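Student: Here it is, the structure, as structure tokens.
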Amino acid sequence: MSDEPSIHPEAGRKPRRGRRPPPRVSRADFERAALRHLERYPSSVAGLRAVLERRAQRSFAHHGEGLSEAETLIPDVIERMQGFGFLDDRRFGEALIRRLRARGNSLRRIAIRLHERGVESDVRAALLADDPVICFGHTLTDQIGGQLAAGFMLTDMFEDDFEERDAVGQ
């Protein structure tokens, strides 16, 4: 062997320890996990339920127990998070709709995303029925300024009137 240092990235390091085992199923652990998840990510009830179920599955795979206990704890933890106001499908859906509308997604695509994220059908229907008319906050200068600067001529103006009044007579 040569006296040159090894180019292997693991050379000279301590051997890695294995992953910590998952904690056993308990109300305190599920509540901590739910709070940690909700402070990092916006979530629907179905999304949080999936996170807690995966946690219970990992615990069961390692310890071989606690799956039946998790089935009773998960709804209780979700109800408690809703009681604190940390988990609300309607607020989650409204925020998701705002984000997707800002990106220009269609109403159909938004409905699909709400379904994918686990928002209940009655809440989803109410959210989609409340969808406001898209309003643009651009000034006339912003809208046509670039066209005018490029040499186009403005020859006529037309104003939409969404309240069905005679726009010319105003």
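Student: Express in nm, to one decimal, how much length is gained between Y41 and R27 on full extension, taking 0.36 nm for each residue of separation and deducting their alpha carbon distance.
Tutor: That pair, Y41 and R27, stretches by 3.0 nm at full extension.
Student: Which net charge results when you count Lys and Arg as +1 and Asp and Glu as -1 among the other residues whose beta-carbon is under 12 Å from that of L73?
Tutor: Neighbour charge sum, excluding L73 itself: -2.
Student: Of the peptides 147-154, 90-97, 38-45, how do they stack up when ordered by the mean number of other Cβ atoms within 10 Å, highest first?
Tutor: Descending mean neighbour count gives 90-97, 38-45, 147-154.
Student: Along Cα→Cβ, 7 Å out, is where each label goes; now give me the distance between the ones at D88 and A102 in nm to one decimal.
Tutor: 1.9
A short reminder: the numbers here are calculations on the coordinates, not readings from a lab. Every value quoted in this text rests on a predicted model; they were computed, and no experiment measured them. In this analysis, Cβ positions are derived from the backbone assuming ideal geometry, glycine residues included, and neighbour counts consider all displayed protein chains.
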